[in-house]
Amino acid sequence: MNHDTYPDNYIRGILNSVKSIAMVGASPVNVRPSYFAFKYLAERGYDMIPVNPGHVGKSLLGKPFVASLADIGRPIDMVDIFRNSSHIMPVVEEALRLSPLPKVIWMQLGARDDAAAAKAEAVGIKVVMNRCPKIEYGRLSSEISWMGVNSRTLSSKRAPMPTQGMRLSLNRMSVGGGETAASDRAAKNKTETT
Amino acid sequence: MTDRLPGFSTLAVHAGAQPDPTTGARATPIYQTTSFVFNDADHAASLFGLQSFGNIYTRIGNPTNAVLEERVAALEGGTAALAVASGHAAQVVVLQQLMKPGDEIVAARKLYGGSINQFTHAFKSFGWNVAWADPDEIESFERAVTPHTKAIFIESIANPSGSVTDIEAIAAVARKAGVPLIVDNTLATPYLIKPIDHGADIVVHSLTKFLGGHGNSLGGIIVDGGTFDWSKDNKYPMLSEPRPEYHGIKIQETFGNFAFAIACRVLGLRDLGPALSPFNAFMILTGIETLPLRMQKHCDNAKAVAEFLAGHPAVASVNYAGLPGDKYNNLARKYAPKGAGAVFTFSLKGGYDAGVNLVSNLRLFSHLANVGDTRSLVIHPASTTHSQLDDAAKVKSGAAPDVVRLSIGIEDKDDLIADLDQALGA
C-alpha cells in the first residue's frame, strides 16, 4: 500500500465495513481532537471503545475506558491510534497479539510509522496513516464541504437524504476531485528541517 | 491504484457542487437565509463548539457560499477556502489572524492602488506596519524582513502594470524568514497561475474581477494552501494557542492542514463580519463555470490589442508581459504560459491631454474603475483614481500623466482594435 495517498475507495471501504473502533489515546477532555473524533464517530453509529490507562474508572460519552486493547475482551474491527509517531509501534504490537486480529489499524493525523505499518500489513491488516477518520468521513460524505473544505470529490449523483437533520451519508457516489500541494509540501518541509 | 485527477475545466464546473439531496436541484440553490435550525441542544452545542460540521448563521457560513469556497479551493489546489464580501475584506481577515499591533508585513510596492491605501492607512491605524519591497529586486524583500515580520504579500500579476512576479524567488525568502507568503491572484486567476504550486501558503482574490467575470457582484476569497506550520515557533498564537471563546481549543491542532481557513471563519469572519451574500456567491459560481473559456479569450484578445497598440504611431510604449521583448516576458512564459492576463497599461505620445481624449472618444470600451469584466474597460489613472497625487507621485505609482490602463474583455478583437484605432486618430 502506498501510504502517501490513499484512493477514496480504500478509505470509504474501511469506514463502511468496520463497526467497532477502539480509540487508543482517547481523551475525556471535551476540547481535545480525540474527543471530537470519538463523539463524531459514535454519533454515526460506530461502536466506540475508549482506551487510555490514565482514565480507567471514568467513561467517555457513556462508554467505560479500558486500560489496554487486551482488556476490551471482545473482537474489534479497527484500532484508531491517537498517539505520536514514536508511540505507535507498541500499540501495533499489542494489536497484533489480539485474537481475532483487528481488520484495520488507523494512525491519526500527524502519526506515521512505516515499520509498524509493514508488520500489520504482513498479517493482512489494512493500514491508514496520517489521516483522521472524522475528517475522512466528513470529506467522503461531503459534510466537511459546509466548512469550505476541499473534499477532493466530485459527484453528479443525488446524495442519499440526510439523516437526523444535517448528517450526510458516506454512501455517496463520487470521483476524485483533484489534489492539494499540502501533504507534499509538509513532507518536504519536514525533511528540510530535520 | 490512485484516483484519476480531473482537469481544471472539470473542476471549474463541478467542484463543491452536487445535486441537492432534498430537492434534486442540479444548479446550486441560493440559500438566502440568515440562520439554520438545530436538531437539539446537543447538536447546537457541538456546532458552536466546532465539534461538528454544519451551518449555524450566514455570517459564519452558508451552503451556497460553501460551494463557492470549495470550488475556488479546488481550482487553486488548496485545502479549504473562505468567501467574504470583497477582496479588501479577504486581506483584512487574513492579516487579523497573523498580526498584532507592532507587527510588520513586507509587501510588494507594485500592488493594486486600493490595497496600497488599505495597507498604508487602515492597517497603520491598527498598529500593523508595512515595509515596502520591490518585486523587481528580490533582495529588497530579504532586506525588509525583521524579527517582527509576520507575512509577505505580493500580487501574482500586478495591477495596474500587468507585470509578472517571480513567486518562487519570493517564496524562498518567506520560507527562510519562517513566515507565510500571501499572494493576491486576482488578475491571473488559477487558470493562468496557481501560486500554491509555486510556494505560496495563502491565496486571496477579489472575486469581483475575472473569477466572477461579469462585473455584477462583489466578493473576495481566502484560500488556505495547507502548507504552513502555524505552531512551529509560536509566532501565530491565534492558531497555536488555546482559544478562550471555544473552551480552549487550539485551532491548528484541531483542524490540521485547513486550520488557517477555519481561523479566518470562526475568529475573523465571526468578529469582523464581512460576510458574502449568498446571492453574490451564486452569481460568482455561475461565472466560474466558464472561467477557462473566458480567461483564454481575455488573454488572446489582450495580446492582439497589445500588438496593435505597439505598432500605432500615437503610442509611446506598451507594458504587456505577453509581448516578446517586454521586461516581464520571461516571467510570463514561466508562470503564465497560457497568457499574460488581460490588464495592462500603455502610454501616449500626446501626454495627459491625449489620455483624456482617448477615453472620451472610445465607443465600446467603458470608462470605469474596475477590471476583469466581460466588457472591455479603460481608465486614465492620472485624471481619475490617481488625480489627487502630484506628478512625481503619479509616476512612481505607475500612473504617469500619459498612462492609460485597459482591461480587455471577450468581445471580438477586431472590434476592440477598430474602436481604439478610431479613438487614437480622433
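The values are calculated or read from the model by the stated rules, or taken from the named source; none is laboratory data. All of these numbers come straight from a predicted model, not from anything done at the bench. Glycine gets a Cβ as well: all are built from the backbone with ideal geometry, and neighbour counts include every protein chain shown. For the accessible areas, the whole protein counts, side chains as well, though only heavy atoms, and no ligand, DNA or RNA atoms are used. Shrake-Rupley method; radii C 1.70, N 1.55, O 1.52, S 1.80 Å.
FRET efficiency for the A:ASN9 to B:VAL37 pair, using the beta carbon distance and R₀ = 41 Å, is estimated at 0.75.
If both residues of a DSSP beta bridge must be in chain A, then about 20% of such bridges are antiparallel. Solvent exposure of the protein assembly as shown, expressed per residue, is 39 Å² of accessible area, with all protein chains present and a 1.4 angstrom probe.
Other protein chain C-beta atoms within 10 Å of residue C-beta, averaged over B:225-231: 4.
I want the local charge near A:PRO102. Using Cβ-Cβ distances under 15 Å, sum +1 for each Lys or Arg and -1 for each Asp or Glu among the other residues. Local net charge: -1.
Shielding value for B:67-73 is 5, the average number of Cβ atoms from other chains within 10 Å of each residue's Cβ.
Mean partner shielding of peptide B:53-59, defined as the number of other chain Cβ atoms within 10 Å of each residue Cβ, is 4.
Evaluating 6.51 cos²θ - 1.76 cosθ + 1.60 at θ = phi - 60° for every residue in the stretch A:81-89, the Karplus couplings come out as 9, 9, 9, 5, 3, 5, 9, 6, 4 Hz, glycine and proline recorded as x. Rounded to the nearest 100, the interface formed by chains A and B buries 4500 square angstrom of accessible surface, both chains summed, with a 1.4 Å probe. Pairs of alpha carbons in the protein assembly as shown separated by more than 46 Å make up 21% of all such pairs.
Surface composition of the stretch A:8-193: carbon and sulfur make up 53 percent of the accessible area, probe 1.4 Å.
For the stretch B:90-107, putting each phi into the Karplus relation 6.51 cos²θ - 1.76 cosθ + 1.60 with θ = phi - 60° gives couplings of 4, 5, 6, 5, 4, 6, 4, 6, 10, 10, 10, x, x, 7, 10, 10, 9, 10 Hz, in residue order, rounded to whole numbers and with x for Gly and Pro. In this view, the solvent-accessible surface of B:ASP300, computed with a 1.4 Å probe and all protein chains in place, comes to about 80 Å². On full extension, the segment bounded by B:ASN216 and B:ASP353 gains 46.2 nm, given 0.36 nm per residue less the C-alpha separation. Packing around the peptides B:239-252, A:87-100, taken as the average count of other Cβ atoms within 10 Å per residue, puts them in this order, highest first: B:239-252, A:87-100. Protection proxy ranking, highest mean first, for peptides B:194-207, B:281-294: B:194-207, B:281-294, where packing is the per-residue count of other beta-carbon atoms within 10 Å, averaged. Per q in 0.10, 0.13, 0.16 Å⁻¹, report the Debye log10 I(q)/I(0) for the stretch A:8-193, using one uniform scatterer on each alpha carbon and no solvent. Taking Cα atoms of the stretch A:8-193 as identical point scatterers yields -0.42, -0.71, -1.06.
Placing +1 on each Lys and Arg Cβ and -1 on each Asp and Glu Cβ, with no other charges, gives the stretch A:8-193 a dipole about its Cα centre of roughly 480 debye.
Sequentially through the stretch B:57-73, phi angles give Karplus couplings (6.51, -1.76, 1.60; θ = phi - 60°) of 7, 5, 5, 9, x, 8, x, 5, 4, 5, 5, 4, 4, 5, 5, 5, 4 Hz, Gly and Pro residues having no value and appearing as x. Compared with the dominant principal axis of the Cα atoms in chain B, helix B:291-310 is inclined by about 20°. In percent, rounded to a whole number, the relative contact order of the stretch B:104-203 is 27, using alpha-carbon pairs under 8 Å and six or more apart. If you take all other residues with their beta carbon under 12 Å from the beta carbon of B:VAL266, and give Lys and Arg +1 and Asp and Glu -1, the sum is +2. Counting only alpha carbon atoms, the long axis of helix B:167-177 and the longest principal axis of chain B meet at about 50°. Take every Cα pair under 8 Å whose residues are at least 6 apart in sequence, average their separation, divide by the length of chain B, and the relative contact order is 16 percent. Once all protein chains are placed together, A:LEU101 keeps about 70 Å² accessible to a 1.4 angstrom probe. The gain in end-to-end length when the B:ALA426 to B:ARG375 segment is fully stretched comes to 16.1 nm, 0.36 nm per residue minus the alpha carbon separation. As a size descriptor, the averaged projected area of the C-alpha convex hull of the stretch B:269-426 was calculated at 11.5 nm². DSSP beta bridges confined to the stretch B:37-165 are antiparallel in about 10 percent of cases.
Each DSSP beta bridge with both residues in chain B is either parallel or antiparallel, and the antiparallel ones are about 60%.
For the protein assembly as shown, the residue among A:GLY13, A:GLY73, A:ILE135 whose Cα projects farthest onto the positive side of the dipole built from Cβ charges is A:GLY73.
Extension gain, B:GLN296 to B:HIS121, is 59.4 nm, computed as 0.36 nm per intervening residue step minus the present C-alpha separation. For the peptides B:28-35, B:176-183, B:328-335, residues were scored by their other Cβ atoms within 10 Å and the scores averaged per peptide; the highest-first order is B:176-183, B:328-335, B:28-35.
Annotation: A:LYS134 carries an accessible surface of approximately 10 Å², with a 1.4 Å probe and no ligand, DNA or RNA atoms counted.
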